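Down below is the structure, laid out as structure tokens.
The values are calculated or read from the model by the stated rules, or taken from the named source; none is laboratory data. In this text the structure is predicted, and so the values were computed from the model without any measurement. As a convention, Cβ positions derive from the backbone with ideal geometry for all residues, glycine included, and neighbour counts pool all protein chains shown. The protein model used for the area step is the full one, side chains on, heavy atoms only, and it has no ligands, DNA or RNA in it. Shrake-Rupley method; radii C 1.70, N 1.55, O 1.52, S 1.80 Å.
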Amino acid sequence: MTLAKSLVLGSQHIYDTVPTGLAPDKVHVAKGKVEMALDRAFRLRPEHIESLFLLYRLTGDSKYQDMGWKIFQNLEAHCKTDLGYGGLSNVWSVEGKNNDDMPSYFIAETLKYLLLLFAPDDYVSVEDFVFTTEAHPLRKVSNPQEVILPNGSDFTVPVPFPWLLGVLVLLLTTLFVAILILGTRLTRLLRGQKRSRIEKSS
């Protein structure tokens with residue numbers, strides 16, 4: 001937990017030291033300072049906000065909400081457009097232009113984690129749910145026997161259209177055999193033509 005807090009505070013420090021309040025995509029950090037931006041763009045990524053959400057839920061410390069609120073205000077100030085949201089090509093320029101691109105993960109992850117950061121703790125609780133890499137909540141199951149299967153415990157996944165699969169297998173097999181036969185006949189024909197040419201030339 002100590003390492004997690006340190007990493008998040010370090011990441012937040014980058015957000016706080018940039019004029020737009022939105023961190024560049026790639027930076028080189030040395031001695032606690034951002035020495036060089038390897039990529040000055042902000043691409044609406046969710047990872048930092050996801051970390052704020054998880055640390056807030058695990059610790060209850062409202063400072064992580066404060067950090068998230070600052071980022072949300074900066075998103076509204078610098079990334080919101082008439083048609084949605086766009087990343088920044090240069091986070092050091094307050095008057096910079098927005099990228100003509102709003103990735104699907106911005107809505108699916110970035111905004112979702114901002115919502116969860118300020119939602120009640122029992123709203124999609126981290127005690128009951130685990131999140132996939134695309135921020136889809138999956139309910140935890142402590143005991144597999146608690147899972148309710150359709151039609152009882154003898155539930156099996158039905159094979160869709162088994163007769164159709166059989167027909168497809170038959171067609172593919174027939175096609176393979178036909179190609180094999182045609183290939184054999186073509187080979188014999190070419191060999192016969194070659195022999196006749198040799199005999200004529202001799």
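Summary table
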| item | result |
| --- | --- |
| Surface accessible to a 1.4 Å probe, ILE71 within the full protein complex, Å² | 0 Å² |
| Accessible solvent surface per residue of the chain, calculated while the other protein chains remain in place, 1.4 angstrom probe, Å² | 72 Å² |
| Sites GLU47 and ASP82 - FRET efficiency at Förster radius 25 Å, r taken between beta-carbons, to 0.05 | 0.35 |
| The stretch 89-96 - phi-based ³J(HN,Hα) in whole Hz, Karplus 6.51/-1.76/1.60, Gly and Pro as x | 7, 8, 6, 7, 10, 5, 9, x |
| In Å², nearest 10: area of GLU134 left accessible to a 1.4 Å probe | 90 Å² |
| Extension gain, ALA4 back to VAL126 (0.36 nm per residue minus Cα-Cα distance, nm) | 42.3 nm |
| Interatomic Cα distance distribution for the stretch 87-127, bins of 10 angstrom, percent | 26, 31, 28, 15, 1 |
| Net lengthening on full extension, THR59/LEU168 (0.36 nm per residue, minus Cα-Cα) | 33.6 nm |
| Coarse-grained scattering of the stretch 35-129 at q = 0.14, 0.17, 0.24 Å⁻¹, given as base-10 log I(q)/I(0) from a Debye sum over alpha-carbon atoms | -0.56, -0.78, -1.23 |
| Gain upon complete extension [ILE179, ASN90; 0.36 nm per residue less C-alpha separation] | 26.1 nm |
| Restricting the stretch 41-136 to trypsin sites (Lys or Arg not before Pro) in coil, as DSSP defines it, with at most 14 other Cβ within 10 Å | LYS97 |
| Value of [θ]222 nm, deg cm²/dmol, for the chain, DSSP H segments ≥ 4, -39500 (n - 2.57) each, nearest 500 | -15500 deg cm²/dmol |
| Leading residue at positive end of dipole, the chain (Cβ point charges), from PRO46, LEU9, LEU114 | PRO46 |
| Size descriptor, Kirkwood hydrodynamic radius, that averages inverse alpha-carbon separations across the chain, Å | 22.5 Å |
| Rg ratio (alpha-carbon, reference 2.2 N^0.38 Å) - the stretch 43-96 | 1.29 |
| Selected from LEU22, LEU52, LEU38 as most flexible by GNM, with the chain as the system and alpha-carbon contacts under 10 Å | LEU38 |
| Net dipole in debye of the chain [+1 Lys, Arg Cβ; -1 Asp, Glu Cβ; about Cα centre; nearest 20] | 1960 debye |
